[in-house]
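First the structure, in the form of structure tokens, and then the observations on it.
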Amino acid sequence: QLRSFNSTVCSIEKHLLRPIIAEGYSVHLFVVAEENQDSFNLQLLNFSLASSVLIKVLPRPEVGKKCFDAFQKRFNYKQLKWLARSKPGGYTKEYLARLRYREMADVMREQWEKAHEKQFAWMIVSRMDVFYV
């Protein structure tokens, strides 16, 4: 949720990036997010302590019917209704879009590793709208 990113970018810097860098590691950010009125906030990452920042901002991916139906079968009606709040199928589409963005960020990581002939020792995968303390 990019609408809350501007309030968490400082927390990401303070509680994630700074301690990792203090331990002697370099940090590389691979970010894929949905294009919306708050996408510009991601540019704040260019001022972070990270060694490199790669950002892709894309329209929301389409969710195929087979994929949507398979997800719907996995949960019972009450779970889906609660998760979606008032939007039928809303949670399913949101969750599947997040998985697609994660996949795309991982592809960016793989491309970076290949281009730089290096491999990351470990990764942190997180939602951008989480406040770190």
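The values are calculated or read from the model by the stated rules, or taken from the named source; none is laboratory data. The model shown is predicted, which means the values in this text are computed figures rather than measured ones. Cβ atoms come from the backbone with ideal geometry, glycine included; neighbour counts cover every protein chain shown. These area figures cover heavy atoms from the full protein model, side chains too; ligands, DNA and RNA do not enter into them. Shrake-Rupley method; radii C 1.70, N 1.55, O 1.52, S 1.80 Å.
Some notes on this structure:
- The number of residues in region 40-49 that are open to solvent by 50 Å² or more (accessible area, probe 1.4 Å) and assigned to a helix (DSSP H, G or I) comes to 5.
- Residues of region 9-38 that are in a strand (DSSP E or B) and either without any contact (Cβ under 8 Å) to a residue 60 or more places away in the chain or of a type in the set (Asp, Glu) (or both): Leu29, Glu34.
- Scope region 95-133; condition assigned to a loop (DSSP other than H, G, I, E, B), among the small types (Gly, Ala, Ser) and either at pLDDT 80 or above or surrounded by 13 or more Cβ atoms within 10 Å (Cβ to Cβ) (or both); matching residues: Ala121
- Candidate set from region 1-39 (those that are open to solvent by 30 Å² or more (accessible area, probe 1.4 Å) and among the polar types (S, T, N, Q)); member that is modelled with the lowest pLDDT: Gln1
- Figure legend. Inter-residue proximity from region 50-76: first residues loosely packed, with under 15 Cβ neighbours inside 10 Å, second residues hydrophobic (A, V, I, L, M, F, W, C) and at pLDDT 90 or above, beta-carbon distance below 8 Å, spacing 6+ or different chains. Indicated pairs: Ser51/Val27; Ser52/Leu29; Ser52/Trp112; Leu58/Met104.
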